[in-house]
Amino acid sequence: MKIIKFKTNIESEEALTKVASYLDKEESISRWHVDTESKDKLLSVSGTDLDPHRIENVVQQAGYKAEIIRVVGIGGKDL
């Protein structure tokens, strides 16, 4: 399992709801979380066969920005 972290501009509950409808449809994602309290509004995504660029595109389709900042290797359970 991989965990990928993205810097985003997802700042509100309304934005989270909108992005959720897109991220929840992505089959390669098992879990995701946005820390709206962090400076970088970190989106953490875990799953198998994750394509970071695909996730960036999914977030962009929802109307927001995502920039890859870190990929964590196999085995991590915490987002």
Degrees between helix 52-61 axis and first principal axis of the chain (Cα, 0 to 90, nearest 10): 20 degrees
Tilt relative to the chain, helix 13-23 - C-alpha long axis, 0 to 90 degrees, to 10: 40 degrees
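What range in the chain is the longest one free of GluC sites (Glu not before Pro) that are in a loop by DSSP and have at most 11 other Cβ atoms within 10 angstrom? Please list the in-between numbers first.
On the way: sites that count: Glu27, Glu37.
Segment 38-79 is the longest.
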GNM top mover of Leu42, Leu16, Leu50 - the chain, alpha-carbon springs below 10 Å: Leu16
Eligible lysines near Lys41 by straight Cα distance, threshold 17 Å, same-chain separation 8 or greater: Lys5, Lys7, Lys18, Lys65
Listed values [x] 46; [y] 57; [z] 35, entry calculated as percent of Cα pairs over 17 Å apart: [z]
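Please compute the length gained on full extension between Leu16 and Met1, using 0.36 nm multiplied by the number of residues separating them and subtracting their Cα-Cα distance. Numbers along the way, then the final one.
Details: separation 15, 0.36 × 15 = 5.40 nm, distance 2.35 nm.
This chain segment gains 3.0 nm when fully extended.
Taking trypsin sites (Lys or Arg not before Pro) as candidate sites, keep only those in a DSSP loop with at most 10 other Cβ atoms within 10 Å, then name the longest stretch of the chain containing none of them. Write out the running numbers ahead of the final one.
Details: sites that count: Lys25, Lys39, Lys77.
No qualifying site falls inside 40-76, the longest such stretch.
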Counted charge near Lys41, where neighbours are those whose Cβ lies closer than 10 Å (Asp, Glu -1; Lys, Arg +1): -1
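Give me the number: length gained by fully extending Glu67 to Ser38, i.e. 0.36 nm times residue separation minus the C-alpha to C-alpha distance, one decimal in nm. Present the calculation step by step, with values, prior to reporting the outcome.
Numbers: separation 29, 0.36 × 29 = 10.44 nm, distance 1.47 nm.
The span from Glu67 to Ser38 would gain 9.0 nm if fully extended.
Bear in mind these aren't lab numbers, they're just calculated from the coordinates by the rules spelled out. All values derive from a computational prediction rather than experimental measurement. We place every Cβ from the backbone using ideal geometry, glycine too, and count neighbours over all the protein chains shown.
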